[in-house]
Every structure is written in structure tokens, then in C-alpha cells.
Amino acid sequence: MNNSENIFTVQKRLFEEVQKNLPAKFALVDTISEALNISFDAAYRRIRCDKLLDLKDIYTLCKHFRISFDMLMEGKSINQFDCIYRPISFSTPNEYLSYSLSLSKNFGKLASSNDSKMLMSAIDIPVFHLLSQKELTFFKLYTWFHSVYNYEGSLDDFMKEIDIPEIVSNHQKICNDYELVPSSEIWTERTIDTTLRLINYYVEIDDFPNKKLPFLICEQVLNILGKLQKWAESGNKGDSTIPFQFYLSEIDFECTYVLMKGAGITNCLVKLFTINSFNVLDRDFCNETENYLTKLSQRSIPLCGSAEKERIKFFNSQRQKVRALMEKIQSV
């Protein structure tokens, strides 16, 4: 195979990847024409490989559709795919701010799409609820940086460093954008347990400089539960008409998946740590995840609307766990 044939092979793979990840209602030629700002005829010539893409066009398409150029060159098998991962670090507050702004930008695009929706399984309190509670969020971030990146300051030091208006407002923006997207969440009886165990551990090692802080953090967990119960009662997010479905799984699952659809793109976030995740755009993986979450919700107990008895029972049991922890802290 000569060099020209190699280049056309890569170009063909690129268009196959774009087509594979396009929703059925989007035509490939329309999409390429818009992305490259060229005519339909020019787009057809490139799709048919009558004309080679230049380096700028390849870069534009790979960036726009989040396709790995290495994958195109290597011709990876259908069972391989690349993920987008941006690690969180905290050498300075601005470094974390840059990360959170990137996260906010992505959710802002989803919230502005008319056909957006989200499906989620939650083994821990989802970030979209967590970020609305400042001290709870800062505490969970501190425990991550303290245990993984050997942050040497105290919890008090960390909270003073990270408590800047830009970070707080950006956290709130992510929560506000989430409230604009129709969503289904699947929890278990143990979803809040990781957070409660974390609070209890740091109380036991006497790492709260302010003895009132663990009570405030527990109150913020109660705030999240109260908001969720109201949403579940109405079947909508807040006072809006944005649909919200809430399910209780009797089966413990092993991972938090967030399946997001909107703006012509489907992607899946797989939770890794406190707030971080890796992002998968592979169509087969996303389809399989969507199917899994849909089947999981069908096997779960719906807690919205008329399911008053089960809903009250669930939220009361969750509040009892939080209050039991508060009583334990009081006795220390």
C-alpha cells in the first residue's frame, strides 16, 4: 500500500467514526459541511475520498467529534476505544478552578440543547447535588487531595484556599445547568453511606478544627435529601416543568454511570473519584450503558409521583442514618 492509499484509509476511518457517533436524524454530509464550513459538494468529495483532507480539516473534525488521531492511524479494533480524562490536582486554587470551568462548559452545552437528557446510577451522592453544598463539597475535595496527593495543610487551610467566589459560583452554575436537563437517577439504600463514613472517619481522627463543621456538613446532606424528595414528589426539578425520575435499586451496583444525550452527541461519564470521571464517546459503549441503565431502572422501585409510601420510607431511612451520625458526633 503506497502513502496515498494509507492517507485515504485514515480519511475513510475518520468519516466512519463520525458517522458511527452521529444520531440517526443527522446526515453525515450536512454535519461535515457545517463543521468544516464548506459546501455540500465539497463535503461529498471529501467523504468519497475524491479529495484529501488537509491537516487543518483533520484537526477540526477530530477535535469537534472527540476522535483520537492515534486511533485512526493505528486502526484499532472495534473492541478498543479512547477515553477523555483530565486529572484533578490542587497545587493552586486556580488549577482546580480551570478544571471546574472545563466541567461547567461541557454541562452548559448539554443544558442548552433542546433534546438533552441524562440517565444516572449513583453509588455516591452525584456531583450535581454535591456542588450545591459548599462545605460538603470542600470537605470531600479535601479528603481526596489529602489522601491521594498528600496535601499537607489542614482542612481549615484547604477550605480557606479553595473558598474563592469564582469556584463557588462555578459550582452553582453546574448545579443550575443540571436542573435544566430531564433526568433519571437510580440510587440504592447505600448511596449516601460513603459520605457518612468519610465524615465519621475524619471526626474520629480529630481532623475537624471547627467542631461545628461536621454538623453543618451533615445538615447539608439532609438538604440534598430534602430537595430530592420534593423533586420526586412532583416528578419535576424544583418549580420547573423539567422531568425528573427517581428510582431505588434493591441491587447494589458497582459504579456510577452518567449517560448524557444532547446537542447531537451521546457520551458517558464513568465516575472515578470524589468529583472526577473519564468521558467515553464510543457509540457502542454508550448504547450498552444506556441499555443497562434503562433495564436497571425497570428493575428498580420508582419513587416518583404516586409512590408515596415507598418514597417516604426511603427518605426517612436516609435521614435516620444522618441523624444517627450526628448523635454519635455529639457524644465524642
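The values are calculated or read from the model by the stated rules, or taken from the named source; none is laboratory data. Note that the coordinates shown come from a computational prediction; the quantities given were computed from them, not determined experimentally. Don't worry about glycine lacking a Cβ; one is built from the backbone with ideal geometry, like all the others, and counts go over all protein chains shown.
Read through the list (1) surrounded by 13 or more Cβ atoms within 10 Å (Cβ to Cβ); (2) in contact with a helix residue (DSSP H, G or I) (Cβ under 6 Å, 6 or more places away or on another chain), then give the number of the only condition that residue 209 fails.
(1)
Inside segment 233-250, can you point out the residues that are modelled with pLDDT of 90 or more, out of contact with any Leu (no Cβ under 7 Å at 6 or more places or on another chain) and either crowded, with 19+ Cβ neighbours inside 10 Å or not small (Gly, Ala, Ser) (or both)?
Answer for segment 233-250, where residues must be modelled with pLDDT of 90 or more, out of contact with any Leu (no Cβ under 7 Å at 6 or more places or on another chain) and either crowded, with 19+ Cβ neighbours inside 10 Å or not small (Gly, Ala, Ser) (or both): 233, 236, 237, 241, 243, 244, 245, 250.
State all residues of segment 283-300 that are loosely packed, with under 15 Cβ neighbours inside 10 Å, touching a residue at least 24 places away in the same chain (Cβ under 8 Å) and not acidic (Asp, Glu); if no residue qualifies, say none.
Correct list: 294, 299.
Yes/no per residue for (1) surrounded by 18 or more Cβ atoms within 10 Å (Cβ to Cβ); (2) in contact with a Phe, Trp or Tyr (Cβ under 6 Å, 6 or more places away or on another chain); (3) over 30 Å from residue 234 (Cα atoms); (4) outside the structural domain of residue 200 (by TED's automatic domain parsing):
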site: 103; (1), (2), (3), (4): yes, no, no, no
site: 117; (1), (2), (3), (4): no, no, no, no
site: 122; (1), (2), (3), (4): yes, yes, no, no
site: 127; (1), (2), (3), (4): yes, no, no, no
site: 141; (1), (2), (3), (4): yes, no, yes, no
site: 150; (1), (2), (3), (4): no, no, yes, no
site: 168; (1), (2), (3), (4): no, no, no, no
site: 180; (1), (2), (3), (4): no, no, no, no
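Only one of (1) surrounded by fewer than 19 Cβ atoms within 10 Å (Cβ to Cβ); (2) under 17 Å from the mean Cα position of the chain (by Cα); (3) not in a loop (DSSP other than H, G, I, E, B) is not met by residue 113, so which one is it?
Checking residue 113 against (1) surrounded by fewer than 19 Cβ atoms within 10 Å (Cβ to Cβ); (2) under 17 Å from the mean Cα position of the chain (by Cα); (3) not in a loop (DSSP other than H, G, I, E, B), the one that fails is (3).
Working only within segment 202-225, note down all residues that are of a type outside the set (A, V, I, L, M, F, W, C) and free of Cβ contacts under 8 Å to residues at least 24 places away in the same chain.
Hits for segment 202-225 are 206, 211, 212, 219.
Can you tell me which residues in segment 142-181 are closer than 18 Å to residue 98 by Cβ and aliphatic (A, V, I, L, M)?
Of everything in segment 142-181, those that are closer than 18 Å to residue 98 by Cβ and aliphatic (A, V, I, L, M) turn out to be 162, 164, 167, 168, 174.
What do you reckon, is residue 153 touching a helix residue (DSSP H, G or I) at 6+ places or on another chain (Cβ under 8 Å) and within 26 Å of residue 208 (Cα to Cα)?
When the stated conditions are applied, residue 153 passes them.
Considering every residue within segment 260-273, establish whether at least one is assigned by TED's automatic domain parsing to the domain that holds residue 179 and in contact with a Pro (Cβ under 7 Å, 6 or more places away or on another chain).
yes
Scan (1) in contact with a strand residue (DSSP E or B) (Cβ under 8 Å, 6 or more places away or on another chain); (2) on the phi > 0 side of the Ramachandran plot for the single condition residue 305 breaks and write down its number.
Unmet condition: (1).
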